[in-house]
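First comes the structure, then the notes that go with it.
The values are calculated or read from the model by the stated rules, or taken from the named source; none is laboratory data. Model, not experiment: these values are computed from the prediction. Cβ sites come from the backbone with ideal geometry, for glycine too, and all protein chains shown count toward neighbours. Remember, those area values only see protein heavy atoms, side chains included, never the ligands or the DNA or RNA. Shrake-Rupley method; radii C 1.70, N 1.55, O 1.52, S 1.80 Å.
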Amino acid sequence: MLVMRKQWLAAFLSLTIVTGISGGQAVPAEKADEGRIDKLLGQLTLEEKMDLIRGGPEDPAVYQGQAGYLPGVPRLHIPSLRFADGPPGLLTRVPAQAETATMGVAATFSIKDAEANGVVIGREARSLGIDVVLQPFINIDRDITFARGYNTFGEDPMLTGAMGAAEIRGAQSQGVMAQAKHYIAYDTDSFNVFVDQQTLHEVYAAPFVEAVKAGVSSIMCSYNRINGPFACGNADTLKTVLKDELGFKGFVTSDWGAVHSGSFINQGLDMEMPGTVPPDSPFAAMIHTFFATAPANGIVPPKLNEAVLAGMLGGTIPEEPAKGGMNLSAFPHDTDSKTMGDDLKDGTVTEATITAAARRVLYEIDRFGYLDGKQKHTITPQDIEENAAVIRKTAEDAAVLLKNEQALPLKPNDLQSLALIGPSAGQVAAIGTFGERSGGLTERQIGPFDALKKIAPEAHITFAVDDDMTGTPIDGAMLSHDDKPGLLRTDGAGNTAIDTQLDFTHSNHKSLPANRTFTWSGTLTVPSAGDYWIYLQALGSCGVLKIDGEAIGRTGATKGTVHGDIQYATQDNGFPTVDGLDNVRRSVHLTAGPHEITVEASGDTSNNPEEIRLNWLTPDQRRRDHQEAIDAAKNAHAAVIFLWTRGKPNFGLPGEQDKLVDEISEVNPNTIVVLNVSQPIAMPWIGKVKAVLQMWWPGDEGGWATANVLLGRVSPGGRLPFTWAKRLEDYPATDPAHPERSAKGVGGKTTFSEGVDIGYRWFDKQKIEPLFPFGYGLSYSTFSYSDLHVVRASDNGLDISVRVKNTGNVSGDEVPQVYLDAPEQRPKGIQFAMQTLVAFDRVSLLPGETKEVAMHVVPRSLEYWSIAENRWIRLGSRRISIGSSSRSSTLSANTQ
């Protein structure tokens, strides 16, 4: 019986792999033509080899504002490569669709969803003329205060590796190279990381193992030092682990500005990006080019323009802590002024090493068929509807129901008198924070309020914004210049005009000509002292706002950077204005009386008409908006509060959203909370509300997805890809008893002293009760498990089967998760987590339906890395458990 079951499982797994999403032709090829590559290398000059391993400028006439560009060798028909930022999606000068945030994709616990998202990313890249997508982001969500932790697939290396590999397969199926990042231990804001070798292999390298197995074209090395050397110049991690142990054949690209010596090429780095940086770029003070054959010229780099960089990083909006921006003061500065030309001259680097690096790049160019013209640099229409279907389904599948006291789905009585409250009820919180991802198509971003009205037109729904992020134009009666009404406008040619209000947009049919410069100056007379929220709003234009001579805020697009210098509507606030403008929002305390005001605007490189507007929200209007929200909830049968964050503050909601929940729940006993967050937050009000639904940052189609889940058209089946703690101090990286683990570290060093006990493993070891465990999520249905079977697989791993039954009254998805216990007899000095995720699946079931679910545990999951023997070692029998989260074991069995 066991043999028959084993054979059936093997056949099932093979079928699953074969019938997975292909999304296009079978590319890339398994191997490249080595003979062809050898011939090309023999024809290349040294300078041409260098053009295969360093970034360079693209012709401005065709430049798409992508993050990087490899010149190629036109003489030998070796094509150039364009590299574009993510995740998720594509960031170039042409707006691309916004996918569900990476953490939301992880929450689907669905390999099919992850691969489908990869296909969307690959299709977008083809449409926008991109060859290399700089994703997936497969670092570990080790420290939730890490500024880029929201980009990860969560805290577990197995989940991260499986989802990341699926995205790679999807993207590369479209003939586009994927570049997994950031190698390695880039899981903290610290730039100086120390981690033991067992943990490095079992946790931080593990997702990259899966990326290599998936055939990833390239890997990006990270900014941080790892156990001493920089990650991009670390022979232990790049050569010994990545290229030797993992057998990676692709090329290693530096993160932008992560090279600090030409000799890094000797340690396993293959390509420097972005190459030469224009001297007027804000990056010029941070990025020094080393892969240059000319000798160092001794030119002193310009001084860092912190104001411009602060604008690029988004600044601090009124709801966030004043010190909420990313701190770049610790970014590594260069001490080596030599170039590759100097290194070649003194023998530090040999041409043979350069040739070996160029070979790796050529290998992938040939493997993807680019030598045969299979790449595409033309810009063609995107597959909007096909992509949108994937984005909507992913957002629905990502929904995690955290609490439900029979409040969801919404009942007919609720729909007869329903109040939606919060800005992300009126607008979809598509992307959360701009980062390096696609900005989205704002014209497609329908908020949950409008989506609900369209899906359920018979419902009676009211909306109260509470926190108005668009505001209103400043009253012309308060603006003057030289004791005359209005602001003085001066253009680049010195022409002047008087404007009673600063309000030039498409929506009022007053947008300004493209590619012009304008300055408005005058006086703002404030009626009473208070904290005024002032909004500089723009599109097709870059702007700066000054009050009393001080720069208050500026738009994020900056010439001399990347992304085409285009101002995106979603760039500076998380939410655009309701009419689709970028929104630089600042809180300014103003005394009663006159204040000098200046607004500067200049066209970005989009060649679009310039839109510029100066809006505000007075203290009185904020109070009125808040009271309207309370009144709307009080007068409704049910109230749904939409809460949001861009990731700041850590483990908390921006502004007074916690207070809002308290006040709403006091006046309405049927209060439901919808979260648009990407990391755990404190929820002091959770006992006061009936339901909590986590919708992440769901992408362009998130409004529809949210409405479908609230209405019960979709039963939530997402699961948490991280542990949701009760306190920030409960996490290992933010435990005050271990300062060495924090981003600040001790003595300038951050040590991952928790070892393999990251995430739920730490909570298990310390016996800390989380608010919600890893893998947790409720449903509108219920499920049961039976008949667990565990057998040895042909690859020496394990084949697991279990019967899952939908015992409820509605269709729904269940996510069985398999955990491996620590061995009873543990070798001395070896770390073992109490339990480790080793397999999972997602299954859809009709009411009353039962399915047998087959899962596979790879042999590596049954092994540990021996530092003493420098190899993987397998132990004997271990205990396997299966359940719906890390804290809900239903069945168990011993391995064979």
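An ellipsoid equivalent to region 331-426, defined through the eigenvalues of its Cα gyration tensor, has semi-axes of 56, 24, 14 Å when rounded to whole angstrom and sorted largest first. Of the whole protein surface, R624 contributes about 120 Å² of accessible area at a 1.4 Å probe radius.
When all protein chains stay in place and ligands, DNA and RNA are ignored, the 1.4 Å accessible-area order of E869, E656, largest first, is E656, E869.
For the pair region 827-896 and region 325-395, the centres of their Cα atoms are 36 angstrom apart. Ranked by the mean number of other Cβ atoms within 10 Å of their residues, highest first, the peptides 442-450, 794-802, 176-184 fall in the order 176-184, 442-450, 794-802. Peptides 786-792, 488-494 ordered by packing proxy, namely the average of other Cβ atoms within 10 Å per residue, highest first: 786-792, 488-494.
Of all lysines in the structure, the ones whose alpha carbon falls short of 25 Å from that of K484, not counting any fewer than 8 places away in one chain, are K510, K546. Secondary-structure-derived ellipticity at 222 nm for the chain, considering helices only, amounts to -6000 deg cm²/dmol, per-run term -39500 (n - 2.57) for DSSP H runs with n ≥ 4. Absence of a disulfide-compatible partner, taken as no other cysteine beta carbon within less than 4.7 angstrom, is noted in the chain for C542. As a ratio to 2.2 N^0.38 Å, the alpha-carbon radius of gyration computed for the chain takes the value 0.95. Of the residues Y760, L512, P732, the one whose Cα sits farthest toward the positive end of the charge dipole of the chain, with +1 on the Cβ of Lys and Arg and -1 on the Cβ of Asp and Glu, is Y760. Across the chain, Cα pairs under 8 Å and at least six residues apart give a relative contact order of 14 percent.
What region 233-295 shows is 30 Å² of accessible area per residue, with the surface traced by a 1.4 Å probe over protein heavy atoms.
Past 19 Å, Cα to Cα, is the threshold; run K243/K749; K403/K690; K112/K213; K634/K726; K181/K338; K249/K374 against it and keep the listed order.
On the way: K243/K749 27 Å; K403/K690 7 Å; K112/K213 17 Å; K634/K726 30 Å; K181/K338 27 Å; K249/K374 21 Å.
The pairs that break the limit, which is 19 Å between Cα atoms, are K243/K749; K634/K726; K181/K338; K249/K374.
Annotation for region 605-631 versus region 773-814: alpha-carbon center distance of 48 Å.
Under the criterion of Cα pairs below 8 Å and six or more residues apart, the relative contact order for region 109-253 equals 25 percent. Considering only the chain, what is the antiparallel percent among its DSSP beta bridges, to the nearest 5? Counting DSSP beta bridges with both partners in the chain, the antiparallel share is about 75 percent. Computed with a 1.4 Å probe on the full set of protein chains, the accessible area for K338 sits at about 60 Å². For K411, a cut-off of 15 angstrom between C-alpha atoms picks up these aspartates and glutamates, skipping any fewer than 8 places away in its own chain: E458.
Summarise the accessible area of the chain (1.4 Å probe, protein heavy atoms) by the percent that is carbon and sulfur.
Summing carbon and sulfur atoms, their accessible area is 52 percent of the total for the chain.
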